[in-house]
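The values are calculated or read from the model by the stated rules, or taken from the named source; none is laboratory data. All figures in this text were calculated on a predicted structure; none of them were measured in a lab. Positions of Cβ are backbone-derived with ideal geometry, glycine not excepted, and every protein chain shown enters the neighbour counts. In case anyone asks, the SASA skips ligands and DNA or RNA and just uses the protein heavy atoms, side chains included. Shrake-Rupley method; radii C 1.70, N 1.55, O 1.52, S 1.80 Å.
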Protein chains: 2
Amino acid sequence: MALVKKPVTGMKDIQPAEMQIRDYVIGLIKETYKGFGFTPIETPCVENIANLSNKQGGENEKLIFKILKRGEKLNLETAQTEADLVDSGLRYDLTVPLSRYYSNNAANLPKPFKALQIGPVWRADRPQKGRFRQFYQCDIDILGDPTNLAEIELILATTTLLGKVGFKGFTVHINDRRILKGMAKYSGFDEAQYDEVFIILDKMDKIGLDGVAKELASNGFAEESIERYMGLFKGLNEAEDGVAYLAETLGDCLEGGAAENLKQICEAVTATTQASFKLQFDPTLVRGMSYYTGTIFEIGVEGFPGSIAGGGRYDKMVGKFTGMETPACGFSIGFERIVTILLDEGFTVPGSKEKIAYLVEKGVDSKVLGTVLQEAMAGRAAGQQILVAWMNKNKKFQKEQLTAEGYSEFKEFYKEALK
Amino acid sequence: MALVKKPVTGMKDIQPAEMQIRDYVIGLIKETYKGFGFTPIETPCVENIANLSNKQGGENEKLIFKILKRGEKLNLETAQTEADLVDSGLRYDLTVPLSRYYSNNAANLPKPFKALQIGPVWRADRPQKGRFRQFYQCDIDILGDPTNLAEIELILATTTLLGKVGFKGFTVHINDRRILKGMAKYSGFDEAQYDEVFIILDKMDKIGLDGVAKELASNGFAEESIERYMGLFKGLNEAEDGVAYLAETLGDCLEGGAAENLKQICEAVTATTQASFKLQFDPTLVRGMSYYTGTIFEIGVEGFPGSIAGGGRYDKMVGKFTGMETPACGFSIGFERIVTILLDEGFTVPGSKEKIAYLVEKGVDSKVLGTVLQEAMAGRAAGQQILVAWMNKNKKFQKEQLTAEGYSEFKEFYKEALK
């Protein structure tokens, strides 16, 4: 019986050209973050189903690929619910596994611990163009550092990486969940409704300030609150220093330290990089995940909509595993996004070695073949990429094909000459 | 509720020290095989359950982690069997996915296609020391080359890799399934029982020739066949050239071309490498998987029991997917084995960059911190690994810890001096 040739629904085979770019970007990531003292780690792709279903993953928890229990534990006759059949699942992100990893291994890890993870995650999203059910995430996290040196180093490292990849003209948007909350509190919104307010605020770049006001109104929020809220954004538009304006205006509504924290991060980053990229306070930046507790950031690149990296501080999450709070801050880099951009641009991996093809006439004696291979081995030892192949009857066509595969030099070996 | 800290049963978190070695070995593998014209590819970790259960995977098919269908397709009430609940599973090897990949993509791939795969596979083995339920495999395959240039290049590339890893004194054991069959046929065993004979023969290195004879007898094989079989091995012991001896003795029982094929491989490899490693015809080499059709090989390393790489020719497998036969030959490298050996030996990754720690006194002004970070950024740009950390009160202890993490140089920055 012929088997199924296609990958499973929503997943893809990675072709040689893309693979080359992926390997190159992974190499850049590892090299760059190692330079900043980050350590690569790896966790299993499979996680305990209880850890994956702990309400930290938001909507992603609905998209888990669940794995059947093995052996005696699986009893189909008596199974009442899915939970009777399943004890693990494929991870949907790298944050849950990192939290578990840290709580499992903290005793043997440096403090603070600077972790780099690159690996596949799975989400049973509705398959659509450019979105796959298996994709790589790349997360960089600092665990155990309550100070904003974590934020500063993460911004420096990640912008360094994006520069190495070749992106120019990027902007780091920065905000703080505490500023978001302070503005909402000052406006008189009910704390239970903050998240609903922020979801609407998040649409600012699409629907504008008036659109946000309208949607808040149509969602039944008090006119007075909306007016105060809008007033803040108008004030921000006119203010020279947005953070200072909010610190003054919000007063006690703003959690102590939040404004100073943002100011310090911006000062230190700017002093370091001499403004080689834009670092912008963005009071409309929300970031979806509710686990963020402080600074949040996103990096946008000129010419590409949306963000290419994002993250923030999540001081409460690791504590869910350990019962002991651990400050944490991280960036997630849009690895698949970067690969797609490079692939679409026809990017050539720099420093690729010259590819040479040795074409050997068929029927050559095996000892004599050894002398050709000896030459190939010497070239390889010297760093050349050498393909040894039998010469086809249609040599011209063969060379054309090899040229398309990147072979730029050919060497031909004939039976008679080799004797 | 506190969550589960441990990885799921039988899987493991990979610690920084091991991760460093894994990354290093993966780098060596990619560099070496690319030098021989191999192309890295990747397939999804999840495969269609029909492909995984097609009797090609032998015992591994009993060890599949099965994944629950999603959405409406999962109907717990009407489900009668496991098959009603499952439509995919985690791959247990890289050979099934490669066959599927090739049949799915052959039109766009070079011929012959030289593929390199490194990635995790899953088997629900009984957990035991050193054996995990998620582990990496590393496969190198040449598809579409019916000639023994495939075997020759695979042996050259794989021995080159093992040399780069640092192994010395290794032996390539080589045999051919057709020689195994020829010897069994000559001895008069029933073709239906060949596999049973080979499983017993495979124990030769543990129980010796007499042990094999005894076990064949106790399994009810005809005395006359056993005697003829033993006669062949005794003849081989006395023969100067084992392959020539068998070619002559087996006569028509040996499939045409098998002896000549082995001879050519050995001649070409020896002519190329000038016998820098042992290449040994081993008529007792069996290799478990029934999909092998021709040459089979294994590489053993002095001082380490068992083999560190193995493979062979499997000309019929890809055809199961395409319906169109595709000659194929490959090596599987014991990646986890190599990593464990290096880790146990206390191997230090060569060319590791010097690690420098900048210790900054707390309370420094954020603009001034920028000047420290500027210096760090310059060092990183010049290829140094620099950790920037706050200076602890117990600086001596902090330095001891950092030294244990591999930091060999320290630079201290004090508030007063920085002003």
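Structure summary
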| quantity | calculated |
| --- | --- |
| Gaussian network model of chain A, Cα within-10 Å springs - most flexible of A:Glu345, A:Glu153, A:Glu31 | A:Glu345 |
| Calculated label separations, A:Ala217, copies of the chain, 7 Å along the beta-carbon direction, nm | 10.1 |
| A:Asp252-B:Ser408 pseudo-label distance in nm [points 7 Å out on the Cα-to-Cβ vector] | 5.8 nm |
| Per-residue ³J(HN,Hα) for the stretch B:240-248, Karplus 6.51 cos²θ - 1.76 cosθ + 1.60, θ = phi - 60°, Hz, x for Gly and Pro | 6, 10, x, 5, 5, 4, 5, 4, 6 |
| Rounded accessible area of A:Glu223 (nearest 10 Å², 1.4 Å probe) | 150 Å² |
| Table column - 3J(HN,Hα) (Hz), the stretch A:218-231, Karplus curve with 6.51, -1.76, 1.60, x for Gly and Pro | 5, 8, x, 6, 4, 4, 4, 4, 4, 4, 4, 4, 4, x |
| Distant-in-sequence amide H partners of B:Thr295 (H built 1.01 Å from N, under 5 Å) | B:Arg177, B:Arg313 |
| Buried solvent-accessible surface, both chains (B, A), 1.4 Å probe, Å² to nearest 100 | 8500 Å² |
| Chain A - mean residue ellipticity at 222 nm from DSSP helices (-39,500 (n - 2.57) per run, n ≥ 4, rounded to 500) | -12500 deg cm²/dmol |
| Shortest-first distances to equivalent copies, position A:Thr147, nm, label 7 Å out along Cβ | 6.6 |
| Cα centre as origin, Lys/Arg/Asp/Glu Cβ charges: the stretch B:53-194 dipole, Debye | 440 debye |
| Nearest-10 value in Å² for the accessible area of A:Phe397, using the 1.4 Å probe | 100 Å² |
| A:Lys214 paired with A:Ile199, simple spin-label distance in nm, labels 7 Å along Cα-to-beta-carbon | 2.0 nm |
| Overall dimensions of the protein assembly as shown as given by Cα atoms, namely Rg and Dmax in Å | 30.9, 102 |
| Qualifying lysines (Cα of each under 23 Å from Cα of B:Lys278; at least 8 residues distant if same chain) | A:Lys367, B:Lys164, B:Lys168, B:Lys203, B:Lys206, B:Lys234, B:Lys263 |
| A:Glu227 paired with B:Lys367, simple spin-label distance in nm, labels 7 Å along Cα-to-beta-carbon | 4.2 nm |
| Residues in the stretch B:377-419 occluded by at least 30 Å² - accessible area, probe radius 1.4 Å, against chain by itself | B:Met377, B:Arg380, B:Gln385, B:Leu387, B:Val388, B:Trp390, B:Glu405 |
| Residues with amide H under 5 Å from that of A:Gln137, placed H, sequence gap 5 or more | A:Gly119, A:Val121 |
| The stretch A:16-344: relative contact order in percent, alpha carbon pairs under 8 Å with at least 6 residues between | 22 percent |
| Solvent accessible area, Å² - B:Thr39, 1.4 Å probe, full protein context | 30 Å² |
| Ranked order, B:Trp390, A:Trp122 - accessible area, probe 1.4 Å, largest first | B:Trp390, A:Trp122 |
| Label-reachable residues, the stretch A:57-88, where backbone N falls under 16 Å from a point 7 Å from B:Ala79's Cα toward its Cβ | A:64-88 |
| Using a 7 Å Cα-to-Cβ projection, B:Lys111 label spacings across copies, nm, ascending | 6.4 |
| Probe 1.4 Å, all protein chains present, accessible-area order of B:Tyr414, A:Tyr314, largest first | B:Tyr414, A:Tyr314 |
| Karplus-derived HN-Hα couplings along the stretch A:44-59 (A = 6.51, B = -1.76, C = 1.60, θ = phi - 60°), whole Hz, x at Gly and Pro | x, 6, 9, 10, 3, 4, 5, 5, 7, 10, 9, 6, 7, x, x, 4 |
| Per residue solvent-accessible surface (Å²) - the stretch A:122-176, probe of 1.4 Å | 34 Å² |
| Solvent-accessible surface ranking, highest first, for A:Cys138, A:Cys253 at 1.4 angstrom | A:Cys253, A:Cys138 |
| Residue among A:Val286, A:Val339, A:Val86 with the largest mean-square fluctuation in a Gaussian network model of chain A, springs linking Cα atoms under 10 Å | A:Val86 |
| Solvent-accessible area per residue for the stretch A:185-236 (1.4 angstrom probe, square angstrom) | 58 Å² |
| Under-5 Å amide H pairs with A:Lys12, H placed in peptide plane, nonlocal only | A:Gln134 |
| Percent accessible area from carbon and sulfur atoms, the protein assembly as shown, protein chains only, probe 1.4 Å | 49 percent |
| Choice from A:Gly35, A:Gly312, A:Gly57 with maximal GNM fluctuation in chain A (Cα, 10 Å cutoff) | A:Gly35 |
| Farthest positive-ward along the stretch A:16-344 dipole, Cα basis, beta-carbon charges - from A:Ala192, A:Gln137, A:Ile207 | A:Gln137 |
| 10 Å-binned pair-distance histogram of chain B (Cα, whole percent) | 4, 17, 23, 22, 15, 10, 6, 3, 1, 0 |
| Nearest-0.05 FRET efficiency for A:Gln274 and A:Asn237, computed from C-beta distance (R0 25 Å) | 0.40 |
| Cubic angstrom per residue, convex hull over Cα atoms of the stretch A:270-419 | 244 Å³ |
| Dipole of the stretch B:290-396, positive direction: furthest Cα of B:Trp390, B:Thr326, B:Ser307, with charges on the beta-carbon | B:Trp390 |
| Averaged over B:49-56, number of beta-carbon atoms from partner chains that fall within 10 Å | 2 |
